[in-house]
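Read the structure below first, then the notes.
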Amino acid sequence: MTEKETQTIAVVGATGAQGGGVVRALQDQGRFRVRALTRNPDKARGLADEVVAADLTRPETLAPAFEGAYGVFANTNSFAAPDTDEVAQGTSAVEAAKAAGVDHFIWSTLPNVAEISNGAFNVAHFTNKARVNQVVEAAGFKWFTFVEPPFYYQNLAGPMYVPQPGPGGTPTWSVPMRPDARGIHVGDINELGNVVAGAFEHPDEVGRGQHLSLAGGLMSWNDIVDTLRSQGHDLAYSEATEDPWGIRDMFGYFEEYTYFGPDADNKIALAKQVSTEPFTDFATWAKTHMPAGEDRSAV
């Protein structure tokens, strides 16, 4: 074994969408020992080389979880609870990792919408993650990297975006965004792990505060619907005039600045450069994961 192969990467939220992808990618890569961190280790035995209890809401659990680790991947769940404090949780992870002597810290973040839009849009689950960036930068890690997950393809196949009956009964998506506004960076969240694994392997290239954004494409709602209709789906899109879920600012930001913001192309190119696998486009993903004829009403 080389020195690198004996080093340990601790993965926060190892049973979640982001952390799970990171665990799998690191295991496939085979260059590091993987320590899976989860609030319920008894339910995740055998997930990685080690499975250890850790909870970002309980900072005292982080010191033993990070002890002896070369690298840490950390992310927060915006919707885990109504009072989720992502800034506090992210800060706890940074402080514990620094105290444990971690060399490479990778933080899952998103653009600072408040800053980009000069306060025009309020998208807390983007901006709060971005506010942790400066904490990471100031910590003094040997290497640090920011990764940015996309609008998940999985969102379109899950309960969050179930089409509702429209005119003539056609299943219709309806959100407050122009149908032709190509502003949604989409991707398979499972592939974020490939970017993270590549970043841990190449800190000399992306370990000085670079931002790496995963995107299988930049799409409008028309693009999404047209892709699925070409595969046999009966779907439509209608721009919503009401906003019962409070998402108008988020989609307004996408429309005005795109999901990843003004530097999107550079961030995506850098992610592709280090990713251990190429990114999957939406049409390819949908053929497997959203087959035509599937009953979405029961989701």
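None of the figures in this text is laboratory data; all of them are computed from the coordinates on show. If you're wondering where the values come from, they're calculated on a predicted model, not measured in any experiment. No Cβ is skipped: glycine too gets one built from the backbone with ideal geometry, and neighbour counts run over all protein chains shown.
Could you state, as a whole-number percent, how many of the C-alpha pairs of the stretch 154-254 are farther apart than 25 Å? The share of Cα pairs beyond 25 Å in the stretch 154-254 comes to 33 percent. Here's the list of lysines a cross-link from Lys267 could span, going by alpha-carbon distance under 25 Å and ignoring same-chain residues fewer than 8 apart: Lys129, Lys142.
So how much slack lies between Glu67 and Thr170, counting 0.36 nm per residue of separation and subtracting their Cα-Cα distance, in nm?
On the way: separation 103, 0.36 × 103 = 37.08 nm, distance 5.45 nm.
So the extension gain works out to 31.6 nm.
Among Glu255, Glu86, Glu60, the residue with the largest mean-square fluctuation in a Gaussian network model of the chain, with springs joining Cα atoms closer than 10 Å, is Glu60. Taking the fewest neighbouring Cβ atoms within 10 Å as the starting point, the ordered list for Trp285, Trp107, Trp245 is Trp245, Trp285, Trp107.
Working note: 222 nm ellipticity from helices only, DSSP H runs with n ≥ 4, each -39,500 (n - 2.57), summed and divided by the residues of the chain, gives -10000 deg cm²/dmol to the nearest 500.
Could you check which residue among Ala36, Ala14, Ala120 shows the biggest mean-square fluctuation in a GNM of the chain with a 10 Å Cα cutoff? The residue with the greatest mean-square fluctuation here is Ala120.
Annotation: extensible slack from Asp243 through His289 equals 13.7 nm (criterion: 0.36 nm per residue apart, minus Cα-Cα distance).
Converting the Cα gyration tensor eigenvalues of the stretch 16-150 into ellipsoid dimensions via √(5λ) gives semi-axes, longest first, of 25, 16, 15 Å.
Of the candidates Gly19, Gly168, Gly252, which one comes out as most mobile in a Gaussian network treatment of the chain with C-alpha springs shorter than 10 Å? Largest GNM mean-square fluctuation: Gly168.
Taking every DSSP bridge with both residues inside the stretch 3-298, close to 15 percent are antiparallel.
For the chain, the extents of the C-alpha atoms along the principal axes are 61, 40, 35 Å, listed from largest to smallest. Using alpha carbon centroids, what distance separates the stretch 240-299 and the stretch 175-210, in Å? The two parts, judged by their Cα centres, are 10 Å apart. A Förster radius of 22 Å combined with the Cβ-Cβ distance from Thr57 to Glu277 puts the calculated FRET efficiency at roughly 0.10.
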